[in-house]
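Novice: The structure's right below; bear with me while I get my questions together.
Just so it is clear, none of the values below were taken in a lab; they were calculated from the coordinates. As the structure is a prediction and not an experimental result, all values here were calculated from the model. Neighbour counts run over all protein chains shown; Cβ positions are idealised from the backbone, glycine included.
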Amino acid sequence: MFLHLISPSAFTLRHSLRISQLHSLAIDHSPVSLSLSLSDTSKRNQMAEYVATSEMVSGMWSDAALQVTPFVRTIKLSRTNHTFLGPGGQESFLQFASTLLSGEANFFADASNPERLYLGRPEDIERETQGIISVQPEFDLPVLQPGARDVNQHQHEQPVPVLPSQSGHG
């Protein structure tokens, strides 16, 4: 099985037109550009912010995607990084992960560590962590309880009776 990693340069290339548009806006010295209105300045600032955010998200994704191998299909993120991404960056991460993992990915809170989030397909995350994913009202995301599947299996097992030895020594 071959995995296709999303290259940060591919993400940047998609936005190169926007970058070149920003550059051309910045170097335009015509009399019209010298009398910029507030809305033109606002548009430039929004464009500059968009480009910086796109590059930041692309770099963070490149680092996060390194965690995925043919055997590990789960990405772990800190809650701080998740918050730092903001709604647009989080949506980008979901799209990138869904492409990389060939299925719908989602973020999941870790019930055992409030500072850790998982990103991936639910079935992969449950299998790799031996956990159970559920929705709990006190959490903003679906919650993973790592190791819960193993605990639940042991609770339902019947003890195996120990029989006396049949060797005649008893």
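Novice: Applying 1/(1 + (r/R0)^6) with R0 = 25 Å to the Cβ-Cβ distance of residue 40 and residue 91, what FRET efficiency is obtained, to the nearest 0.05?
Specialist: The calculated FRET efficiency here is 0.35.
Novice: Could you give me the ³J(HN,Hα) list for region 112-129, computed from phi with Karplus coefficients 6.51, -1.76, 1.60 and θ = phi - 60°, whole Hz, x at Gly and Pro?
Specialist: Here the 3J(HN,Hα) series is 8, 8, x, 8, 10, 10, 10, 10, x, 7, x, 5, 5, 5, 4, 5, 6, 9 Hz.
Novice: Let me ask another. Based on the mean of other beta carbon atoms within 10 Å per residue, what is the order of 131-140, 54-63, most packed first?
Specialist: Most protected by this proxy first, the peptides run 54-63, 131-140.
Novice: While we're looking at this one, here's another question. Calculate, for residue 84 and residue 123, the FRET efficiency according to 1/(1 + (r/R0)^6) with r their C-beta to C-beta distance and R0 30 Å; round to the nearest 0.05.
Specialist: That gives a FRET efficiency of 0.60.
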